[in-house]
Every structure is written in structure tokens, then in C-alpha cells.
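Data block below; observations after.
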Amino acid sequence: MAYAAVTTEPYLERTLINVVDILGRQSTDKKNTLLLYIYDDGSVEKRIILE
């Protein structure tokens, strides 16, 4: 049986491209709303800042 090793590399040099709300509109940091942070490596981070 052969096993494949899975490696995850830390995202050390990713750059933020855009911050959008759930409807896709450009947004800034707002409290109590879901914001999507889109990075240049294709990753998306979901953030909710609760007050």
C-alpha cells in the first residue's frame, strides 16, 4: 500500500486583493457583517467582527 504525504505550506507571502461583502460589493471593515477577504494566491478568508 502506498501513502501520499500531504503537505500544507503556510501563506507567508500572500497579498490582500479585495474585501467584499456577501453580495460581492466592495466594502471596508464593518462590524456585525460577514466580509470576504480575497488574496492573490486564490485563498478566501471569511471574517465576522462582532461588537
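The values are calculated or read from the model by the stated rules, or taken from the named source; none is laboratory data. These numbers were taken from a predicted model, which means no experiment stands behind them. Every residue, glycine as well, gets a Cβ built from its backbone with ideal geometry; the counts of neighbours run over all protein chains shown.
With the requirement that a residue be assigned to a strand (DSSP E or B) and not basic (K, R), what does segment 41-51 give you? Quick ask: steps written out before the conclusion?
So the first thing to find is which residues in segment 41-51 are assigned to a strand (DSSP E or B), and the list is 44-48.
Listed by number, the residues that qualify are V44, E45, I48.
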Exception for A4 within (1) assigned to a strand (DSSP E or B); (2) at pLDDT below 90 falls at (1)
Scanning segment 15-40 for residues that are part of a loop (DSSP other than H, G, I, E, B) and surrounded by 11 or more Cβ atoms within 10 Å (Cβ to Cβ) gives I22, S27, K30, T33, D40
